[in-house]
Amino acid sequence: MIELRNLVVHYGRVAAVHDISLSFDHGINCIIGSNGAGKSTIMRSISGLVRPSSGSILFEGEAIESLTPKAIVERGIAHVPEGRHVFPELTVDENLKIGAYLRRDHVAVKRDYDNICSVFPRLAERRKQYANTLSGGEQQMLAIGRAIMAAPKLVLMDEPSMGLSPVMVAAMAEVIRSINAEGKSVLLVEQNANVALGLSVKAAVLEQGRISLQGMATDMKDNEHVRVAYIGV
C-alpha cells in the first residue's frame, strides 16, 4: 500500500533520513525508534509536508513524493501529527468539519461525523467547546477524528500515545483497532514499542535515520535488541 524507495530527506545540510527502503501492506503497521531517529520526518514526507531530497514514495503503486499535501489527502492519506495540532480557537465541531473540507458527499460526511461522536462520546459532549479547553487525551481523540473525517484509505499516526495515561493509551489502542476494522489502514510511528508492536502486522526499527530491522511485528517482539532497547525487557 505504501512504499518508500531509497528515500533521503535533509533539513538544510543535515540528513535526517538516509536511503530508506521499506513497504507496508494493508492493515496496521508501525515504525519504532527513539526520539530523533527520523520517524516524524518519514511521516511528514509521506503527507507532503517535507520534500525528499531523493528517492520515491509510492501509494497504491503511484508516486506521490512531488504532490502537494492537499493532493495527497485527496489520494486518501490523512495525517495525525505528533503533538495533536488541533485548531485551538475553533470548537470541537469546527475542527471535525475542517477534516472533511475536500469532501462533497454530504450524506457520507454526516455519517462519519455521527460515527466519530459515537466512538468518542467525550467529543460529542464537548462539541461546542474550544479545542484548547480539552485535555491532552481529548485533543488526541479530536486529532484522530479530524483525520477520519477526510475519509482516508491510510491514516498516519505520529506518536498517538505520547503524554497519555496508561488508561488512555489502552483506549487509544482500541480506537486504532476499530479504525482498521472499518477498512482503513494505519501506519504508526511510536516510541512506545510494546503498544505499537502489539497492534501491528509488520514493523520497522529506525535508528539514526536508517532502518536497522524490519519484518513481522511478532518477530520484532522476540528480538533481543528490540526487547532491550525499546521494550525495556
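Of the GluC sites (Glu not before Pro) found in the stretch 165-200, the ones in coil according to DSSP and having at most 15 other Cβ atoms within 10 Å of their Cβ are GLU182. Tilt of helix 106-119 relative to the longest C-alpha principal axis of the chain, in degrees (0 to 90, nearest 10)? Taking Cα atoms only, the helix is inclined about 80 degrees. Restricting attention to the chain, the count of lysine pairs at 8 or more positions apart or across chains with alpha carbons under 14 Å apart stands at 4. Label the stretch 1-137 by shape, choosing from rounded, prolate and oblate, from the square roots a ≥ b ≥ c of the eigenvalues of the Cα gyration tensor; if a/c is under 1.5 it is rounded, and otherwise prolate applies when a/b is larger than b/c, oblate when it is not. The shape class here is prolate. For HIS79, the residues whose amide H sits under 5 Å from its own are LEU156, ignoring neighbours fewer than 5 places away on the same chain, with H placed 1.01 Å from N.
The slack between ARG122 and VAL14, meaning 0.36 nm per residue of separation minus the straight C-alpha distance, is 34.7 nm. For the stretch 1-101, GluC sites (Glu not before Pro) are listed when DSSP marks them as loop and at most 11 other Cβ atoms sit within 10 Å of their Cβ; the list is GLU89. Between ASP25 and ARG51, the distance separating the two model label sites (each 7 Å from Cα on the Cα→Cβ line) works out to 3.6 nm. Note that the stretch 78-87 has calculated 3J(HN,Hα) couplings of 10, 10, 9, x, 4, x, 6, 6, 6, 7 Hz, one per residue in order, obtained from phi through the Karplus relation 6.51 cos²θ - 1.76 cosθ + 1.60 (θ = phi - 60°); glycine and proline are x.
Divide by every residue of the chain the summed helix terms, -39500 (n - 2.57) for each DSSP H run of at least 4, and state the resulting mean residue ellipticity at 222 nm, rounded to the nearest 500 deg cm²/dmol. Please list the in-between numbers first.
On the way: 9 runs with 84 residues, N = 233.
Helices in the chain give a 222 nm mean residue ellipticity of -10500 deg cm²/dmol.
Distance between the 7 Å Cα→Cβ label points at SER165 and ASN115: 2.9 nm.
Values in this text are rule-based calculations from the coordinates and carry no lab data. What you see is a predicted model, and the numbers here were worked out from it, not measured in a lab. Note: ideal-geometry Cβ built from the backbone for every residue, glycine included; neighbour counts use all protein chains shown.
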